[in-house]
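**Student:** Got a structure here, written out as structure tokens. Questions coming.
FYI, it's all coordinate maths here, none of it is from the lab. From a predicted model like this one, the values you see are computed outputs, not experimental measurements. Neighbour counts are summed over all protein chains in view; Cβ atoms, including those assigned to glycine, are modelled from backbone coordinates with ideal geometry.
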Amino acid sequence: MTVGDIVRIIIAFILPPLAVATQVGVTGAFWLNLIFWLLSFGGLGLPLLAIMWPVAVIHAIYICVTRK
């Protein structure tokens with residue numbers, strides 16, 4: 001694990017799509033994480049969607065740790 005990986009993991013807690021984009025670029029994993037992250041704000045008026053924040057963070061950490 002490098003310093004860049006640790007920085008990406010820290011960024012994953014703040015802005016998950018950015019962490020994924022720095023790891024794999026603007027690919028399918030980025031778009032999936034962006035959807036998770038946008039749903040976490042409950043923009044559709046559904047407060048239950050707030051559980052998507054941990055999903056976005058976990059997905060970002062998974063991508064940053066497994067993809068090289």
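**Student:** What number comes out for the charge environment of Ile63, summing +1 per Lys or Arg and -1 per Asp or Glu over other residues with Cβ under 13 Å away?
**Tutor:** In short, +2.
**Student:** If you don't mind, there's one more thing I want to ask. Order the peptides 55-63, 20-28, 2-10 from the highest to the lowest mean number of other Cβ atoms within 10 Å of their residues.
**Tutor:** 55-63, 20-28, 2-10
**Student:** Still on this structure, I have one more. Helix check for the chain. Which DSSP H runs span at least 20 Å along their own axis by Cα, with a mean Kyte-Doolittle hydropathy no less than -0.5?
**Tutor:** The answer, listed by residue number, is 52-66.
**Student:** May I pose another question? Please express the Cα-Cα pair-distance distribution P(r) of the chain as a list of whole percents, one per 10 Å bin, running from 0 to the bin with the greatest distance.
**Tutor:** That works out to 25, 51, 19, 4, 0, in percent per bin.
**Student:** For Thr27, put the label point 7 Å out on the Cα→Cβ axis and report which residues of the stretch 2-20 keep their amide N under 15 Å from it.
**Tutor:** Counting only backbone N, you get 19-20.
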